[in-house]
Amino acid sequence: MATIAPRRRTGASRERTSTHEGFLAHRNFRWLKLSAALAFLLIALYVFVPLPGTHFGSSWLGYTLGTVGALLILWLTMLGVRKRAITPGRWSLKAWTSAHVYLGLLLIVVGTLHSGFAFGWNVHTLAWGLMMLVIVSGMFGIWVYATLPRALSENRYDADGAITEKQMIEAMRSLDRQIHDAAQPLDPEGAALVNRSLEEDPFAGTFWNRLTGRYPRDATRHAASQLRQRRAYQPRVADDPVEKVDALLTRKEAMLARMRRHLRLKTWLQAWLYVHVPVTFALIAALSAHIVSVFFYW
């Protein structure tokens with residue numbers, strides 16, 4: 001019986017496999033290994049090479065680390081430009097992002113050794129502090145992108161399957177129409193409670209509300225709570241309109257919670273950039289002041 005030799009993996013199959021590889025593990029952690037090796041080398045140079053005890057930044061290693069750090073910071077800021085050009089290959093967006101992450105972490109070693117651990121209340125330490133803030137916010141961004149997209153996807157699924165953001169909005173509008181029709185027999189006080197729920201914008205609220213998912217002035221929750229209290233002191237009757245409205249408001253509460261959880265996750269995916277990007281520009285300004293002060297006033 002003839003045997004069939006296993007097929008060799010072609011470049012296309014390798015490419016398909018690599019598309020499922022995250023940017024952190026790109027090319028078997030190539031940029032992590034390179035950054036770790038460079039960090040070890042720089043620390044060894046700082047520890048074992050004879051260097052002046054004072055004004056380390058003005059030594060040959062200090063100037064080298066400063067130049068490398070400044071160029072690295074400028075290169076790292078180019079990721080936003082690079083995202084506009086999607087290309088495959090060695091310098092694909094995934095490869096660039098992987099390098100951005102691990103070389104950004106390498107900056108902790110480069111910048112700190114460049115300072116010679118001489119910190120004070122000056123523009124030099126300000127540049128170092130802003131650099132650390134950019135790196136820490138970037139680390140938070142890595143955690144956000146590693147965990148929240150899955151939670152965002154899971155929030156779209158229920159017993160009936162997946163539902164998109166547009167379908168959530170349509171389901172909310174359908175519930176509002178049903179609540180409006182069911183609330184017609186209510187007394188003026190009950191109708192006013194329901195109207196406030198119907199008039200409420202489900203996406204309204206401050207940035208903090210969206211970030212935390214907490215809406216203390218939720219008109220739907222207030223209406224449902226008040227109607228339930230009223231039902232507790234009233235005799236049960238057949239085809240009670242309050243009971244029907246209460247059931248619909250309960251469904252709306254669940255849908256609102258789902259929509260706001262969706263909005264909260266999307267906000268977290270974007271919120272870290274409100275720190276990372278502005279502080280990056282502040283870092284470039286402080287870095288410029290640091291360079292000018294070193295070459296013209298020292």
field: Residue within region 77-99 that is at pLDDT 90 or above, loosely packed, with under 11 Cβ neighbours inside 10 Å and in the same structural domain as Ala127 (by TED's automatic domain parsing) present
entry: no
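Conditions (1) crowded, with 18+ Cβ neighbours inside 10 Å; (2) at pLDDT below 90; (3) acidic (Asp, Glu), marked per residue:
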| site | (1), (2), (3) |
| --- | --- |
| Asp218 | yes, yes, yes |
| His222 | no, yes, no |
| Arg231 | no, yes, no |
| His262 | yes, yes, no |
| Ser293 | no, yes, no |
- prompt: Within region 151-166, is there a residue that is at pLDDT 80 or above and touching a Ser or Thr at 6+ places or on another chain (Cβ under 9 Å)?
  reply: no
query: Picking from Met168, Met139, Met131, which residue would you name as being under 21 Å from Met259 (Cα atoms) and among the aliphatic types (A, V, I, L, M)?
result: Met168
query: What pairs can you find where one residue is in region 126-147 and farther than 9 Å from His276 by Cβ and assigned by TED's automatic domain parsing to the domain that holds Val101, the other is assigned to a helix (DSSP H, G or I) and of a type in the set (S, T, N, Q), and their Cβ atoms are less than 8 Å apart, with a gap of 6+ or different chains?
result: Trp128/Thr112; Trp128/Ser115
- request: Would you check which residues across region 1-54 are more than 24 Å from Tyr102 (Cα to Cα), at pLDDT 50 or above and surrounded by 11 or more Cβ atoms within 10 Å (Cβ to Cβ) and list them?
  value: Leu51, Pro52
query: When only residues in region 153-198 that are free of Cβ contacts under 8 Å to residues at least 40 places away in the same chain and of a type in the set (Lys, Arg) count, which is surrounded by the fewest Cβ atoms within 10 Å (Cβ to Cβ)?
result: Lys166
Unique residue being exposed (fewer than 15 other Cβ atoms within 10 Å of the Cβ), at pLDDT 85 or above and closer than 21 Å to Ile169 by Cβ when the list is Ala285, Ala254: Ala254
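The values are calculated or read from the model by the stated rules, or taken from the named source; none is laboratory data. None of the values given here were measured: they were computed from a predicted structure. Heads up, the Cβs are rebuilt from the backbone with ideal geometry, glycines too, and the neighbour counts pull from every protein chain shown.
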